[in-house]
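Visitor: Please see the structure below; I have some questions.
The values are calculated or read from the model by the stated rules, or taken from the named source; none is laboratory data. These figures come from a predicted structure and were not determined experimentally. Neighbour counts run over all protein chains shown; Cβ positions are idealised from the backbone, glycine included.
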2 protein chains.
Amino acid sequence: MKRSTGTLYGVGVGPGDPELITLKALRILKSVPVVAWPAPLEGESLARTIASPHMRDGQIEIPIRMPIEAGVFPSGAVYDEAAKEIAHHLTAERDVAAICEGDPFFYGSFMYLFGRLADAYTIEVIPGITSLTAAAAVLGRPLAARNDTLAVVPAPLEEDALERRIADCDACVIIKVGQHLSKLRRVIDRLGLLNNSHYVEYATMVNQRTSPLSDIMVDSAPYFSIILIHKRGGAWQ
Amino acid sequence: MKRSTGTLYGVGVGPGDPELITLKALRILKSVPVVAWPAPLEGESLARTIASPHMRDGQIEIPIRMPIEAGVFPSGAVYDEAAKEIAHHLTAERDVAAICEGDPFFYGSFMYLFGRLADAYTIEVIPGITSLTAAAAVLGRPLAARNDTLAVVPAPLEEDALERRIADCDACVIIKVGQHLSKLRRVIDRLGLLNNSHYVEYATMVNQRTSPLSDIMVDSAPYFSIILIHKRGGAWQ
């Protein structure tokens with residue numbers, strides 16, 4: 001049995017718009033004495049920016065800083081250190097909210113804390129709005145309906161794996177587009193799906209941009225960008 | 001250009017827990033004069049039950065009743081009629097919130113209204129927490145990490161299509177399990193994935209149930225049930 005300790009909450013704060021946070025995430029954010037947040041090596045934490053209108057003065061904050069560029073995998077040592085600091089608060093019976101963009105269990109950075117702390121501490125995960133449905137909403141284009149199969153495919157995969165997976169589904173969401181944009185355009189064009197593809201960066205944020213993929217001429221995109229491919233656009237009609 | 005009319009909001013109210021609604025959905029639910037909700041032919045509307053703590057007296061309500069069992073496709077005539085009633089309010093410059101469980105564009109019933117009204121009226125979609133991430137949260141098991149591919153597969157598919165799709169991904173979410181439970185167990189067992197599979201019904205609701213799939217002995221499940229299959233359980237560690 002786990003000792004009497006604080007609870008670690010993995011809190012999804014959603015895709016960017018601070019209004020797309022849930023009531024439950026809000027309640028927990030306001031109630032905990034300690035908030036941990038991921039951030040790039042320099043500059044602002046997107047998760048903290050989303051959460052900040054809901055945080056209160058005097059909360060202890062634990063920044064978890066590391067490179068977030070595509071292809072650079074999380075540094076184990078940084079998470080070891082953050083997990084140790086969080087464990088210290090939990091052991092002292094202080095609840096901790098570890099926030100992340102989107103959803104903690106959907107490609108979320110929270111997983112690396114979960115992997116280190118789940119055996120010893122009580123953890124509760126508060127799901128968040130994913131970039132998946134946020135992107136569909138801002139495009140005004142349904143993701144999937146009825147018996148459609150939907151694939152979520154990370155852009156860093158090899159070109160042949162991408163091609164096979166995009167070919168074999170009814171709808172496809174490509175995440176972590178970043179520096180892989182020209183490879184993706186090549187694959188999608190080869191499959192004859194360029195006109196079925198839409199691009200979204202920073203969905204629901206102030207700097208959001210949406211466009212048919214065919215209008216995107218650059219070769220690189222922000223890490224937080226997505227391509228949606230619909231093969232059966234009228235499945236819901 | 002569209003005429004000056006009310007706006008149709010497609011509002012995702014999340015998976016079941018009324019606290020898993022977003023601030024944005026809440027604001028719109030409280031502000032609109034008209035709320036449309038889907039329901040089975042008889043009995044309560046799940047979406048309305050989730051939303052009801054946030055609704056106010058005097059709102060006009062439009063019930064959209066139809067069979068929701070797996071395999072029964074939405075009745076076009078029912079949606080035609082509902083779209084007509086909603087259009088009447090929009091034309092009179094009254095905003096309408098059409099609510100649905102989960103997310104409007106993720107296998108949501110809102111799509112059938114969207115297909116009928118998007119050409120003539122202004123529509124805004126408010127994304128909601130999907131059953132996908134809600135199920136992962138209540139199981140305490142991450143969905144996907146790093147470069148995992150994730151497949152969303154509707155249970156009504158044919159057995160060979162299910163087998164091929166489950167075999168060819170790192171993580172798989174099977175939705176609309178319902179009456180297809182014994183077929184799914186057969187396929188998953190054949191792929192040697194029974195011990196990688198977890199079952200969730202009514203995620204985040206008061207009657208929620210979670211279990212390893214191997215402990216589920218019945219042959220049929222509620223429509224709102226899900227199976228999560230993880231092949232690389234430790235991808236985040």
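Visitor: Would you check if B:R209 is out of contact with any Pro (no Cβ under 8 Å at 6 or more places or on another chain), within 15 Å of B:G140 (Cα to Cα) and of a type outside the set (S, T, N, Q)? So that I can check it myself, show each step before the final result.
Guide: Working: out of contact with any Pro (no Cβ under 8 Å at 6 or more places or on another chain): yes; within 15 Å of B:G140 (Cα to Cα): yes; of a type outside the set (S, T, N, Q): yes.
Against the criterion (out of contact with any Pro (no Cβ under 8 Å at 6 or more places or on another chain), within 15 Å of B:G140 (Cα to Cα) and of a type outside the set (S, T, N, Q)), B:R209 qualifies.
Visitor: Given the residues B:A167, B:A136, which is the only one that is within 14 Å of chain A (Cβ to nearest Cβ) and either over 20 Å from A:F106 (Cβ atoms) or in contact with a Lys or Arg (Cβ under 7 Å, 6 or more places away or on another chain) (or both)? Quick ask: steps written out before the conclusion?
Guide: Numbers: B:A136 fails: either over 20 Å from A:F106 (Cβ atoms) or in contact with a Lys or Arg (Cβ under 7 Å, 6 or more places away or on another chain) (or both).
Residue meeting the stated conditions: B:A167.
Visitor: Continuing with this model, one more query. Of all residues in the range B:114-133, which are free of Cβ contacts under 8 Å to residues at least 24 places away in the same chain and either surrounded by 24 or more Cβ atoms within 10 Å (Cβ to Cβ) or in contact with an Asp or Glu (Cβ under 8 Å, 6 or more places away or on another chain) (or both)?
Guide: Hit for the range B:114-133 is B:T133, nothing else.
Visitor: Which of (1) touching a helix residue (DSSP H, G or I) at 6+ places or on another chain (Cβ under 7 Å); (2) away from every other protein chain (no Cβ under 14 Å); (3) among the hydrophobic types (A, V, I, L, M, F, W, C) does A:A47 not meet, given it meets every other one?
Guide: If we test A:A47 against (1) touching a helix residue (DSSP H, G or I) at 6+ places or on another chain (Cβ under 7 Å); (2) away from every other protein chain (no Cβ under 14 Å); (3) among the hydrophobic types (A, V, I, L, M, F, W, C), just (1) comes out false.
Visitor: Moving on to the next point. Tell me the residue from A:R65, A:R56 that is more than 13 Å from every other protein chain (Cβ to nearest Cβ), surrounded by 15 or more Cβ atoms within 10 Å (Cβ to Cβ) and modelled with pLDDT under 95, please. If you could, list the steps in order and put the result at the bottom.
Guide: On the way: A:R56 fails: surrounded by 15 or more Cβ atoms within 10 Å (Cβ to Cβ).
Only one candidate passes the filter, namely A:R65.
Visitor: Among the residues of the range A:23-34 satisfying the criterion of being buried (at least 17 other Cβ atoms within 10 Å of the Cβ) and touching a helix residue (DSSP H, G or I) at 6+ places or on another chain (Cβ under 7 Å), which is farthest from A:D80 (Cα to Cα)? Write out each step before concluding.
Guide: Here is the first cut: in the range A:23-34, the ones buried (at least 17 other Cβ atoms within 10 Å of the Cβ) are A:23-26, A:28-29, A:32, A:34.
Now narrow it down to the ones that are touching a helix residue (DSSP H, G or I) at 6+ places or on another chain (Cβ under 7 Å): A:23-24, A:26, A:29, A:34.
On the way: A:L23: 30, A:K24: 28, A:L26: 27, A:L29: 23, A:V34: 18 Å.
Across the range A:23-34, the extreme among qualifying residues is A:L23.
Visitor: What residue, of A:S182, A:S211, A:S220, is surrounded by fewer than 17 Cβ atoms within 10 Å (Cβ to Cβ), part of a strand (DSSP E or B) and not hydrophobic (A, V, I, L, M, F, W, C)? Before you say what the answer is, go through the steps one by one.
Guide: Values: A:S182 fails: part of a strand (DSSP E or B); A:S220 fails: part of a strand (DSSP E or B).
One residue alone meets the criteria, A:S211.
Visitor: Also, I was wondering about something else. So for the range B:81-89 (the condition being closer than 21 Å to B:L132 by Cβ and not β-branched (V, I, T)), does at least one residue qualify? Can you show your working first?
Guide: Within the range B:81-89, the subset closer than 21 Å to B:L132 by Cβ is none.
Looking through the range B:81-89, none of the residues is closer than 21 Å to B:L132 by Cβ and not β-branched (V, I, T).
Visitor: Please work out if B:E93 is farther than 20 Å from B:M111 by Cα, modelled with pLDDT of 95 or more and within 12 Å of chain A (Cβ to nearest Cβ). If you could, list the steps in order and put the result at the bottom.
Guide: Values: farther than 20 Å from B:M111 by Cα: yes; modelled with pLDDT of 95 or more: yes; within 12 Å of chain A (Cβ to nearest Cβ): no.
When the stated conditions are applied, B:E93 does not pass them.
Visitor: Take A:S75 and tell me if it is within 14 Å of chain B (Cβ to nearest Cβ), of a type in the set (S, T, N, Q), out of contact with any Lys or Arg (no Cβ under 6 Å at 6 or more places or on another chain) and without any contact (Cβ under 8 Å) to a residue 24 or more places away in the chain. Walk me through it before giving the result.
Guide: On the way: within 14 Å of chain B (Cβ to nearest Cβ): yes; of a type in the set (S, T, N, Q): yes; out of contact with any Lys or Arg (no Cβ under 6 Å at 6 or more places or on another chain): yes; without any contact (Cβ under 8 Å) to a residue 24 or more places away in the chain: yes.
Yes, satisfied.
Visitor: Let me ask something else about it. Test A:C172 against the criterion of being touching a residue at least 40 places away in the same chain (Cβ under 8 Å), buried (at least 23 other Cβ atoms within 10 Å of the Cβ), of a type outside the set (S, T, N, Q) and over 30 Å from A:L26 (Cβ atoms), and give yes or no. Don't jump to the end; show me each part of the working.
Guide: Details: touching a residue at least 40 places away in the same chain (Cβ under 8 Å): yes; buried (at least 23 other Cβ atoms within 10 Å of the Cβ): yes; of a type outside the set (S, T, N, Q): yes; over 30 Å from A:L26 (Cβ atoms): yes.
Against the criterion (touching a residue at least 40 places away in the same chain (Cβ under 8 Å), buried (at least 23 other Cβ atoms within 10 Å of the Cβ), of a type outside the set (S, T, N, Q) and over 30 Å from A:L26 (Cβ atoms)), A:C172 qualifies.
Visitor: For A:A70, indicate whether it is modelled with pLDDT under 95, over 18 Å from the mean Cα position of the chain (by Cα) and farther than 24 Å from A:K24 by Cα. Reasoning before the result, please.
Guide: Numbers: modelled with pLDDT under 95: yes; over 18 Å from the mean Cα position of the chain (by Cα): no; farther than 24 Å from A:K24 by Cα: yes.
Criteria not met by A:A70.
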